[in-house]
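The values are calculated or read from the model by the stated rules, or taken from the named source; none is laboratory data. All values derive from a computational prediction rather than experimental measurement. Neighbour counts run over all protein chains shown; Cβ positions are idealised from the backbone, glycine included.
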Amino acid sequence: MHRLALVLALGLTACAEHAPAWYGLTDEYSEDSTGLATSFPATTGAGATTEDPAGSGEPTTGGAADTSTGDLGSTSTGAPIDEPPQVFAFAVVNPAQPDMPGQIFEAGEVQLDLEVSEDVVAVDLSHGDTFVATLPVAAFPYTFDITSQAACDGSQNFTAVVRDAGGQTDMRSADLYCQLPAPGLKFKNDAVIAATITDKGFTAAGWCRHKPDGAIRQVCVQEFDADGLPVGIFAEPSPSQAEARAVALDRERKLVVGGFSTKPGQTEAWVFASLGADKPLAWSQTYDASGWDFASGVACDLWGHCTWVGATAKDGKLTLVVSRRNP
């Protein structure tokens with residue numbers, strides 16, 4: 001009897017109309033696939049549908065997957081996602097020196113290497129702030145020649161912007177350090193010791209040595225423009241090693257160079273006036289005191305006089321030498 005009374009009591013309180021509010025019972029219900037009634041709401045999540053909260057009655061889809069295909073790499077309409085193009089590698093290569101990528105120190109061919117994804121259809125190439133061209137991928141490796149020292153002086157930057165058929169882009173930059181020798185320079189070593197101002201800029205003098213093994217030092221003259229860019233370099237040949245220690249400009253705009261040349265066991269001071277590369281000397285003077293003789297300074301006045309100063313060392317004594325040449 002007590003059991004029956006308990007069941008009846010539970011049955012009465014299960015009525016939605018008379019049940020306490022904390023029971024959470026409603027008059028609504030849904031049927032699952034077995035036809036059993038339940039008061040739990042429909043489960044939401046990936047692939048599940050719920051009623052539109054706006055009240056439109058249209059079901060909405062949860063999760064990122066497409067319920068029609070189950071493909072996580074597609075949109076809600078089933079279309080594949082259009083990935084942007086990619087640049088995998090972009091570099092400047094010197095074919096003559098492949099072990100030194102991004103650097104060039106001699107005139108010659110430079111190569112731009114580019115690796116991109118298969119969907120790339122065009123490449124916009126720029127050099128610094130200057131647009132070069134729009135190229136097909138098949139144009140790479142892209143090669144060009146560098147021959148001008150003025151255009152190849154320091155760090156330079158190249159940029160490749162790749163595009164696919166839909167207009168999506170990716171980009172990559174590559175740096176090149178470019179330093180070419182001055183025109184006509186074919187020396188292995190060189191040094192500047194003195195300089196003087198000229199009408200076009202300035203001229204420096206010192207020494208240089210040719211590339212072949214065993215080559216001797218020669219007096220070298222280097223010319224620069226007003227911006228400090230090299231214009232040219234030439235050597236004044238001598239039968240023995242020689243160096244310049246001073247340089248000046250006379251009233252006729254000739255270069256007057258002072259230095260020394262070597263002899264077995266001694267040196268002799270050497271002063272001369274140069275007319276330029278591959279031209280005979282305007283004049284030449286030597287000083288030989290049978291010791292170590294040097295010309296270390298040269299100056300010319302407006303009247304055409306050129307004076308050089310130097311020293312001679314012999315038997316442990318150092319003697320000052322001064323000599324003037326009249327026009």
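If residue 259 passes every condition in (1) of a type outside the set (Val, Ile, Thr); (2) in the same structural domain as residue 96 (by TED's automatic domain parsing); (3) more than 30 Å from residue 123 (Cβ to Cβ) but one, which one does it miss?
Among (1) of a type outside the set (Val, Ile, Thr); (2) in the same structural domain as residue 96 (by TED's automatic domain parsing); (3) more than 30 Å from residue 123 (Cβ to Cβ), the lone unmet condition for residue 259 is (2).
Yes/no per residue for (1) at pLDDT below 85; (2) more than 25 Å from residue 166 (Cα to Cα); (3) surrounded by 11 or more Cβ atoms within 10 Å (Cβ to Cβ); (4) of a type outside the set (Ser, Thr, Tyr):
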| site | (1), (2), (3), (4) |
| --- | --- |
| 53 | yes, yes, no, yes |
| 56 | yes, yes, no, no |
| 87 | no, no, yes, yes |
| 100 | yes, yes, yes, yes |
| 107 | yes, yes, yes, yes |
| 110 | no, yes, yes, yes |
| 125 | no, no, yes, yes |
| 139 | no, no, yes, yes |
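List, please: which pairs have Cβ atoms under 6 Å, are six or more places apart or on different chains, and start with a residue in region 151-168 that is not assigned by TED's automatic domain parsing to the domain that holds residue 136 and end with one that is surrounded by 11 or more Cβ atoms within 10 Å (Cβ to Cβ)?
none
Quick check on my filter: what residues within region 286-307 are within 15 Å of residue 254 (Cα to Cα) and not aliphatic (A, V, I, L, M)? Walk me through how you get there before you give the answer.
Going through region 286-307, the residues within 15 Å of residue 254 (Cα to Cα) turn out to be 298-307.
Scanning region 286-307 gives 300, 301, 303, 304, 305, 306, 307.
Among the residues of region 95-118, which ones are assigned to a loop (DSSP other than H, G, I, E, B) and in contact with a Pro (Cβ under 7 Å, 6 or more places away or on another chain)?
Within region 95-118, the first condition is being assigned to a loop (DSSP other than H, G, I, E, B), and the residues that meet it are 95-102, 105-107, 117-118.
Result: 117, single match.
Does residue 321 satisfy the condition of being over 19 Å from residue 204 (Cβ atoms), touching a residue at least 24 places away in the same chain (Cβ under 8 Å) and surrounded by 12 or more Cβ atoms within 10 Å (Cβ to Cβ)? Even if it seems obvious, please write down each step before you answer.
Working: over 19 Å from residue 204 (Cβ atoms): yes; touching a residue at least 24 places away in the same chain (Cβ under 8 Å): yes; surrounded by 12 or more Cβ atoms within 10 Å (Cβ to Cβ): yes.
So residue 321 fits the description; yes.
May I ask you to list the residues in region 274-327 that are within 18 Å of residue 198 (Cβ to Cβ) and of a type in the set (Asp, Glu)?
Across region 274-327, the qualifying residue is only 301.
Might you check whether a residue that is farther than 25 Å from residue 83 by Cβ and not small (Gly, Ala, Ser) occurs anywhere in region 116-123? Reasoning before the result, please.
Going through region 116-123, the residues farther than 25 Å from residue 83 by Cβ turn out to be none.
Checked region 116-123: no residue is farther than 25 Å from residue 83 by Cβ and not small (Gly, Ala, Ser).
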